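Note sheet for the following structure.
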Amino acid sequence: MSKLFQRQWIFVFALTFLVTFGSVTTTHSQTPSSRDATISEIQSLAANDVETEIPRRTKYVIDLYGSGKTPGLSDREIGKIYDQEYSQKDKEKKQNWREVFFKNGGAVAIASVLLLMFQETIKKWVTTLATTIEKKIYNQFAGTKLFWGIALKKYHQALIDKYRELKIPFRIDRPLKMRDVYVPLKVKGSQNYDLIDAFQAVSQYKRLMVTGQPGSGKSMLLKYLTLSAAEGRLVELPSVAVFLELFRLSDGSEILPQLVKVLEREDFPHGESFLQQALEKGTILLLLDGLDEVGANGEFGQNRTLSLKPFLR
């Protein structure tokens, strides 16, 4: 009996030990597991809030998991866990967004958007800058022989723009085209023979003086010749025509500087060398208007005399 009794007590003792320490072990193993699971849930909630762009809601999380609902976690700890995870995920999201954005050409996209927004402004600015630079270079070097070809193109275009239309006071918004309305003059020589076409006369004779009553079309003829030369329609005549109104010499200035000013007004600056060479070689059509403003002895104001001998060959 004693041995059986001893065995029973040993069994009872062993069972009691297992139950007691087993429950303690279970308690210690379950408590950290429950605490860790709650922390994980709080962190997941914070991460989800950041991902779905839900504003920070610390108080809600404390109410959800705090107030003794989670063993081993105080309300303050719960709020801290949520806030830290929320801040960390938010930082990572912003950083990832920048990386993805710039990696996929975000900077180029921004530049493209800005370019589209200010396209017209940028275009005008660039055009204005390029035009200013081009004009500055041209004005500085137009008188050099290397630039004569460019200068003549600009000069001819300026003459075309100036003379291709006739502006009439009662048709301000509807100017007439010179080529459409101009009727070539008929002229006669000093012997009063048959009339000939003015263009034929200009082509046939190197030196001509056209006389006539005021309003008979002398100035218009010279302007039409200037336009025709600029357009390349005077095949038998020099392609460069210079039209000078003689009243500009009334201040006593010499004729050559005034011819230079004519070129300058028509977008050919610094044309002295070109004019001297063209006059010497006879490759220029010199058209002088306003002989009626010259005195009987060829005199202007201040006793200045018009002399074209250096230019006539």
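Just so it is clear, none of the values below were taken in a lab; they were calculated from the coordinates. Quantities reported herein were computed from a predicted structural model and do not represent experimental measurements. As a convention, Cβ positions derive from the backbone with ideal geometry for all residues, glycine included, and neighbour counts pool all protein chains shown.
Summary table below
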| item | result |
| --- | --- |
| Exposure proxy ranking, count of Cβ atoms within 10 Å, fewest first, for T283, T70, T226 | T283, T70, T226 |
| Long-range amide H partners of E165 with built H, under 5 Å | M178 |
| Karplus 3J(HN,Hα) series, Hz, for the stretch 273-290 with 6.51 cos²θ - 1.76 cosθ + 1.60 (x for Gly, Pro) | 4, 4, 5, 4, 5, 5, 5, 5, 8, x, 9, 9, 9, 8, 10, 10, 10, x |
| Exposure proxy order (Cβ contacts within 10 Å, fewest to most) of V50, V235 | V235, V50 |
| Estimated vicinal HN-Hα couplings, Hz - the stretch 227-240 in sequence order (Karplus 6.51, -1.76, 1.60; Gly, Pro = x) | 5, 4, 5, 5, 7, x, 9, 9, 5, 8, 10, x, 7, 10 |
| Distant-in-sequence amide H partners of D289 (H built 1.01 Å from N, under 5 Å) | L244, E245, L246 |
| Label-to-label distance, nm, for residues given as Q140 and Q276 (7 Å Cα→Cβ offset) | 2.3 nm |
